[in-house]
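Asks: Okay, here's the structure, questions in a sec.
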Amino acid sequence: MAATQDSPLEQGPLAWLQALPLALIFGVFFVVPLVLTVIVSVWNYDEYQIIPDITSRNYVEAFEGCLSQLPALCTTLKTYATTLRISITVWAITLVLGFAVAYFLAFHVRSQTMQMALFLVCTIPFWTSNVIRMISWIPLLGRNGLVNQTLEGAGLIGSPIEWLLFSEFSVILAFVHLYTLFMIVPIFNSMMRIDRALIEAAYDAGASGWQTLWNIIVPLTKPGIVIGSIFVITIVMGDFITIGVMGGQQIASAGKLINTHMGALQFPPAAAHAVILLATVLVIIWGLTRILDIRKEL
Amino acid sequence: MSKKPTAGLTRRSVIKGMGAVAGAAAGAGAITGFPAIHAAEPITLRYLGTAVNQSADIAKKCLEDTGIKIEYIPVTTDDVSRRVITQPNSFDVVDSEYFQLKKLIPSGNLLGIDAKKIKNADNITPVFTKGELPNGKKIGDQGTAPKKVFWLEGSAGTKFASSPSGYITLIPTTYNADTLGIRPDLIKRPIESWKELLNPEFKGKASILNIPSIGIMDAAMVIEAMGEYTYPDKGNMTKEEIDRTMKVLTEAKQAGQFRAFWKDFNESVNLMVSGETVIQSMWSPAVTAVRSKGVPCVYQPLKEGYRAWAAGFGLPKTLAGKKADAAYEFINWFLDGWAGAYLNRQGYYSAVLSSAKAKMEPYEWAFWMEGQPAAQDIKAPDGTLLEKAGSVRDGGSYDARMGGVACWNAVMDENDYMVRKWNQFIAA
């Protein structure tokens, strides 16, 4: 799209027309469903119908026992504690991995052809569906899986390691496998925009490799880091399939709460939990954008 | 895939989306293009249900016999109910479970099926109509036993009738008695009671179903077997009973008793085949699937009895005219024996036993229904070998298995409370 200097108001009807398709898509597929979700979250329900009626019931029940049970955590707080713990771990690992891979691609690979070729290699796992990529871990990590068989065969362990599968470990492993690319792409993009003369100048001024990395590259890569972080955190916060399959359905997640209510045809409490999840994620994104104003940096 | 069928499908779904029944029939007719076989234009019935029951063989045979084309809409158990309640004009026949009726009937979206138009209505097994075996023995009726929700007050009624009213909620298709599946090669000792599910001996090797309303009933079977508590009705617990049940489950989960919970048929098969679990709640065809991979698996009869379930055909209230006639014709065909024999050979039970018996070989009937040793190799409908000659069906005869039913899948009055407690259990 062409960059506009004037506000659309001064540009006349043509600019409005140009903005219309996107606005319509946003309106129909984003704003309307969101507003409906919020509305339904304050409606009442029984076994087979939603009752249009303003009630705080769904929110009260969602936070049932959160005050009275203290210091023990209620269902919702416990679920969010687990979800946050997993999100932060996955975020930290994908950040380090993604940064390292992007750094290698951007600064160590000299030829542009090679850069593009290696970058495409990173996307190969995305040629299959993420469900397949996730499920293929199961035969590897299971009690009688490849890893356990190899370790037992080598005489390193006496009995199979149980925590390899259906544990927080396997959930985090699958998330890192699935979503590191979402970190690599924006960080790589930011790194490619860094003026190489800055690095030469740092080198000339006597900066060590670490100093250059910490004082030049990291600050200039911040937009990529924040965008990648938003991708990874929002996906992991809302996920219930990966946590379900890799965690053996025994690990709670915000998405799982919603899914259980949907399964029981209880749409209003599901909507209330969706609103709570949305609010939580928005707070996190707000926090991230406080660290950096993305719009200014792009 | 070539491009043409895709375009046809898109057009068909677009037409369907408009909700025009006539439009869908015309559209589908144009695509199938069998006008030469049947003089009248073929009628298509949209069959909503779970994939497990939607056999291509049944659809093919139905088209041959009646000229009615069956178009399957495979969705999950939850989605069947969701669509009945929210989009009753998106299907012509629904295959739903009886326990869901407590949610579906009050919505008024299902029609009472006129028993007079069902030829075999009087031959439907008394398991459904009276809650007893053909030999008159009463069977367990805890939970949503089909006899409690079988009759509707009227054709457009939203309340269940306690006595035969002439209007049926669902015409039974399949039903079965569920129990625990075990790996005898890994357990190496007899298993006789539900309490073994929470026996610490199987720590990290047990699993239950992650469908709250069914999972909690399996847990109740365990608690009764442990002698801790006897429920007046396992399928309709009070809040205190739910708390008590979930407490036992939660303690077991925290002690690491469960390897995983499963929700999907294939998940249960994989857990068992890979040896991740050695004892778990299971469905009968899943046990067959494990065995067909060469892995020993037994659908273990237990002394406390079975948890039964039943599914059947319902009709949406929007159904009218030719489509309605075709739906009745399809149901009549379904009860006529061929489909029943097909289902019995898969280890399910069919609604009309006499008609199915006529379409089965005597040795098949003896193996599947009478619990006798197989006189010759038992094959699945697709020809794969299920059991070698001489083997006996787990649990024995129809009378022994259905007679041993302790409770039925159910939706509790306190369902809403139970779902919240289930979430608490998962988070614990």
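The values are calculated or read from the model by the stated rules, or taken from the named source; none is laboratory data. In this text, all values refer to a predicted model and were calculated from it rather than measured experimentally. Note that each Cβ is placed from the backbone with ideal geometry, even for glycine, and that neighbours are counted across all protein chains shown. Accessible surface areas use protein heavy atoms only, side chains included; no ligands, DNA or RNA. Shrake-Rupley method; radii C 1.70, N 1.55, O 1.52, S 1.80 Å.
Asks: Report whether or not B:ALA326 is assigned to a helix (DSSP H, G or I), buried (at least 23 other Cβ atoms within 10 Å of the Cβ) and touching a residue at least 40 places away in the same chain (Cβ under 8 Å). Even if it seems obvious, please write down each step before you answer.
Replies: Numbers: assigned to a helix (DSSP H, G or I): yes; buried (at least 23 other Cβ atoms within 10 Å of the Cβ): no; touching a residue at least 40 places away in the same chain (Cβ under 8 Å): yes.
Spelling it out, it is not the case that B:ALA326 is assigned to a helix (DSSP H, G or I), buried (at least 23 other Cβ atoms within 10 Å of the Cβ) and touching a residue at least 40 places away in the same chain (Cβ under 8 Å).
Asks: Restricting to region A:43-67, and then to whatever is among the β-branched types (Val, Ile, Thr) and farther than 25 Å from B:GLN100 by Cα, can you tell me which residue is most open to solvent (accessible area, probe 1.4 Å)? Spell out the reasoning first.
Replies: Quick first cut of region A:43-67, residues among the β-branched types (Val, Ile, Thr) only: A:50-51, A:54-55, A:60.
Pick out the ones that are also farther than 25 Å from B:GLN100 by Cα and you get A:54-55, A:60.
Numbers: A:ILE54: 148, A:THR55: 29, A:VAL60: 91 Å².
Restricting to residues being among the β-branched types (Val, Ile, Thr) and farther than 25 Å from B:GLN100 by Cα, the top hit is A:ILE54.
Asks: Next question, about the same structure. Could you go through region A:210-228 and let me know if any residue there is within 14 Å of another protein chain (Cβ to nearest Cβ), at negative phi, surrounded by fewer than 20 Cβ atoms within 10 Å (Cβ to Cβ) and touching a residue at least 40 places away in the same chain (Cβ under 8 Å). First the steps, then the outcome.
Replies: The first filter runs over region A:210-228 and keeps only residues within 14 Å of another protein chain (Cβ to nearest Cβ), leaving none.
No, every residue in region A:210-228 fails to be within 14 Å of another protein chain (Cβ to nearest Cβ), at negative phi, surrounded by fewer than 20 Cβ atoms within 10 Å (Cβ to Cβ) and touching a residue at least 40 places away in the same chain (Cβ under 8 Å).
Asks: Continuing with this model, one more query. From the set of residues in region B:195-207 that are more than 10 Å from chain A (Cβ to nearest Cβ) and touching a Leu at 6+ places or on another chain (Cβ under 8 Å), which is surrounded by the most Cβ atoms within 10 Å (Cβ to Cβ)?
Replies: Of everything passing the filter in region B:195-207, B:LEU197 is surrounded by the most Cβ atoms within 10 Å (Cβ to Cβ).
Asks: Limited to region A:148-176, what total is found for residues that are in contact (Cβ under 8 Å) with a residue 12 or more places away in the chain and either away from chain B (no Cβ under 14 Å) or over 23 Å from B:ALA206 (Cβ atoms) (or both)?
Replies: Residues of region A:148-176 that are in contact (Cβ under 8 Å) with a residue 12 or more places away in the chain, as a first pass: A:148, A:160-162, A:164-168, A:170-176.
From the residues that got through so far, the ones that are either away from chain B (no Cβ under 14 Å) or over 23 Å from B:ALA206 (Cβ atoms) (or both) too are A:172-176.
Residues flagged as in contact (Cβ under 8 Å) with a residue 12 or more places away in the chain and either away from chain B (no Cβ under 14 Å) or over 23 Å from B:ALA206 (Cβ atoms) (or both) within region A:148-176 amount to 5.
Asks: Oh, and also: Given the conditions (1) closer than 21 Å to A:VAL281 by Cβ; (2) in contact (Cβ under 8 Å) with a residue 60 or more places away in the chain; (3) within 14 Å of chain B (Cβ to nearest Cβ), and given that A:PHE240 satisfies all but one, which numbered condition is not satisfied?
Replies: Only one criterion is unmet by A:PHE240, namely (2).
Asks: If you don't mind, there's one more thing I want to ask. Being open to solvent by 30 Å² or more (accessible area, probe 1.4 Å), part of a loop (DSSP other than H, G, I, E, B) and more than 14 Å from every other protein chain (Cβ to nearest Cβ) is the filter here; which residues of region B:246-291 pass it?
Replies: Of everything in region B:246-291, just one residue is open to solvent by 30 Å² or more (accessible area, probe 1.4 Å), part of a loop (DSSP other than H, G, I, E, B) and more than 14 Å from every other protein chain (Cβ to nearest Cβ), namely B:TRP283.
Asks: To continue, here is another question. Checking A:LEU77 against (1) open to solvent by 40 Å² or more (accessible area, probe 1.4 Å); (2) farther than 30 Å from A:VAL121 by Cα; (3) away from chain B (no Cβ under 14 Å): exactly one of these is not met. Which one?
Replies: Every condition holds for A:LEU77 apart from (3).
Asks: Yes or no: region A:25-46 includes at least one residue that is closer than 30 Å to A:VAL275 by Cα, modelled with pLDDT under 85 and outside any helix (DSSP H, G or I). Break it down stepwise before answering.
Replies: Step one: filter region A:25-46 for residues closer than 30 Å to A:VAL275 by Cα, giving A:25-46.
If we keep only those that are modelled with pLDDT under 85 too, we end up with A:46.
Adding the requirement that they be outside any helix (DSSP H, G or I) leaves A:46.
Looking through region A:25-46, at least one residue is closer than 30 Å to A:VAL275 by Cα, modelled with pLDDT under 85 and outside any helix (DSSP H, G or I).
Asks: If you don't mind, there's one more thing I want to ask. Can you spot a residue in region B:113-134 that is surrounded by 23 or more Cβ atoms within 10 Å (Cβ to Cβ) and either under 21 Å from A:GLN266 (Cβ atoms) or of a type in the set (D, E, K, R) (or both)? Steps first, answer last, please.
Replies: Narrowing region B:113-134 to residues surrounded by 23 or more Cβ atoms within 10 Å (Cβ to Cβ): B:113, B:127.
Still in the running and either under 21 Å from A:GLN266 (Cβ atoms) or of a type in the set (D, E, K, R) (or both): none.
No.
Asks: If only one of A:LEU173, A:LEU141, A:LEU151, A:LEU164 is open to solvent by less than 70 Å² (accessible area, probe 1.4 Å), at pLDDT 90 or above and more than 30 Å from B:ALA427 (Cα to Cα), which one is it?
Replies: Details: A:LEU173 fails: more than 30 Å from B:ALA427 (Cα to Cα); A:LEU141 fails: more than 30 Å from B:ALA427 (Cα to Cα); A:LEU164 fails: more than 30 Å from B:ALA427 (Cα to Cα).
Among A:LEU173, A:LEU141, A:LEU151, A:LEU164, only A:LEU151 is open to solvent by less than 70 Å² (accessible area, probe 1.4 Å), at pLDDT 90 or above and more than 30 Å from B:ALA427 (Cα to Cα).
Asks: Please tell me if B:GLY157 is away from every other protein chain (no Cβ under 14 Å), under 16 Å from B:TRP309 (Cα atoms) and either of a type outside the set (Phe, Trp, Tyr) or in a loop (DSSP other than H, G, I, E, B) (or both). Before the answer, list the steps.
Replies: Details: away from every other protein chain (no Cβ under 14 Å): yes; under 16 Å from B:TRP309 (Cα atoms): no; either of a type outside the set (Phe, Trp, Tyr) or in a loop (DSSP other than H, G, I, E, B) (or both): yes.
So B:GLY157 fails the test.
Asks: So A:ALA117 passes all but one of these: (1) crowded, with 16+ Cβ neighbours inside 10 Å; (2) part of a helix (DSSP H, G or I). Which condition number does it fail?
Replies: A:ALA117 satisfies all of (1) crowded, with 16+ Cβ neighbours inside 10 Å; (2) part of a helix (DSSP H, G or I) except (1).
Asks: Sticking with this one: Taking only region B:40-81 into account, find how many residues are hydrophobic (A, V, I, L, M, F, W, C) and in contact (Cβ under 8 Å) with a residue 60 or more places away in the chain.
Replies: Restricting attention to region B:40-81, the residues satisfying the condition of being hydrophobic (A, V, I, L, M, F, W, C) are B:40, B:43, B:45, B:48, B:51-52, B:56, B:58-59, B:62-63, B:68, B:70, B:73, B:75, B:80.
Next, only the ones that are in contact (Cβ under 8 Å) with a residue 60 or more places away in the chain stay: B:43, B:45, B:52, B:58, B:62, B:68, B:70.
Selection size over region B:40-81: 7.
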